[in-house]
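Following: one structure in C-alpha cells, then a few remarks.
Computed from the coordinates by the stated procedures, all read-outs in this text should not be read as laboratory data. Quantities reported herein were computed from a predicted structural model and do not represent experimental measurements. Cβ: placed from backbone, ideal geometry, glycine included. Neighbour counts: every protein chain shown.
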Amino acid sequence: MFWCFVVAIAPNNHSIIEGTIRILNLDLKQIQMRMKNEFRTTNAWKKSMYIFLLLGVFLFRDAGAQSMWGVANSGGDENTGTIFQTDENGNFLSVYNLPKISGSNPYYTSLIEQTPGVFYGITYNSGAPAYGGAIYSYNTANDTVIIHHLLDGTNGKAPFGAMIKAGNGKFYGLTYGGGANNHGVIFSFDQANNSYQKLMDFDGTNNGRNPQGTFLEATGGKFYATTISGGTSDMGVLFEFDINTNTYTKLFDFTNANGKHPNGGLQKINNKLYGLTNQGGAKDHGVLFEFDLGSNTYKKKYEFSSPISGRQPQDLVLGWDGNFYGNATYGG
C-alpha cells in the first residue's frame, strides 16, 4: 500500500484548516490495472508510470497543444528515465528515452519551455567521464536531445531538484554534491551562450550542505531554498541567495525540536515562506513550518504524527485554490 497526505492551509491567516487533513490509500494493484487499460504494458513503460504516479513527476502544461510534458526518473529502454507527453485525459502521446551515456535519472525535477517546443532540464546522473549529471534540451519537433553541460564534480554533481528560469533569463539551480567540499553548489546556466557558472560552494557548518530541492524566486532577485543537512546542528538550514550580487545569507538553522532535514521546495504567500521537514518535531515525523521574511521569525505550523497525518513529508505545492498540498512517505 502507498500512503500520502493532503493538507490545506487557509491563505487569509496561514493557519491549518481544521479537518482538512485527508489520508489517501492507494492500492498498487488497482494502479496496475488502470495502467494496463490506459498505457502500454511493457516493463519499461510500467516502470516509467510507477515513478509518475508514486514519486511525483512534475508536469509542464503546453497550453497551445492542450498537452503536458514531464520526466520520469526511471523506466524506459535503459531504465534511466524518460521524457513523456500526455493529454489532459491521461492518454499517452509520446516518449523519449534518456540515454545512460549522456544524461539520465532526473530526480524531483521538471522541464522549462525556453521556446515553443524546446524544453530544458537537468539529470541526476550522466555517463563517463563526468558521472555528475547533465543540463540538456529536448526539441519536440525532431525528437532530439542536446547535452549543453556535463557536471563533473568540481562544478557540482547530482542535482536533486529542478532548475528555474529567473527574470534575467538565466537558469539557476542546486546540486546535492560536488564542489570544493563535496557538499553541493549553487550554479547558473545561460542558455544564450551555453555558459555554466558555479556561484557558491556549500561548506557544511557555516552555510549548510546537500541541498535537496528547487529554488523559489521571490522579488528583487532574491532566491530561497534549504539544505537537508549542515548548519549549526547539522540538521539543515534555510537560506537566501541574491542573484544580483551573488550574496548568500543564512536565515535559520533547523533543530530537532523545530523540525530537521528540510526536504523539497518552498512556497511563498505574501512575505512568508512555507516548507516541510522530513523529520523532527514532537514525534520526529516532520513539521510544516513558516518563516516570516519581515521579522526573520520561524514558526512550526503543524507537527506530523503517524498514523493520523503520516510521517516524513516530502514536498509542498501551492494549489490554484490558494491552499497547500503535499504527500508523506509513510504513515496512514
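A few remarks follow.
- Rough spin-label spacing in nm, given labels placed 7 Å along Cα→Cβ, for Ile308 and Thr255: 2.3
- The 3J(HN,Hα) values that the Karplus relation (6.51, -1.76, 1.60; θ = phi - 60°) gives for the stretch 286-298 are, in residue order, x, 9, 9, 10, 10, 10, 8, 6, x, 10, 6, 10, 10 Hz. Gly and Pro appear as x.
- Distances between placed amide hydrogens fall under 5 Å for Gly103 paired with Gly127, all partners being 5 or more residues away or on another chain.
- Projecting label points 7 angstrom from Cα along Cα→Cβ for Asn142 and Val118 puts them 1.1 nm apart.
- Ala192-Asn79 FRET efficiency (beta carbon distance; Förster radius 30 Å; 0.05 resolution): 0.30
- Pairs from the list Lys250/Lys283; Lys170/Lys222; Lys250/Lys299; Lys222/Lys301; Lys157/Lys301 with a Cα-Cα gap above 22 Å: Lys250/Lys283; Lys222/Lys301; Lys157/Lys301.
- Computed from phi, the 3J(HN,Hα) profile of the stretch 133-140 under the Karplus parametrisation 6.51, -1.76, 1.60 (θ = phi - 60°) reads x, 8, 9, 9, 10, 10, 9, 6 Hz, with x in place of Gly and Pro.
- ³J(HN,Hα) computed for each position of the stretch 72-84 - Karplus, 6.51 cos²θ - 1.76 cosθ + 1.60, integer Hz, glycine/proline x: 10, 7, 8, x, x, 4, 10, 6, 10, x, 9, 9, 9
- Inter-label distance, nm, simple model (7 Å from Cα along the C-beta direction), Asp284/Thr329: 1.4
- Annotation: amide H-H contacts under 5 Å for Lys157 (H modelled 1.01 Å from N, sequence separation of 5 or more, or interchain): Tyr176, Gly177, Gly178, Gly179, Val185.
- Loop-located chymotrypsin sites (Phe, Trp or Tyr not before Pro) across the stretch 265-332 with a Cβ neighbour count of 16 or fewer within 10 Å are Trp320, with loop assigned by DSSP.
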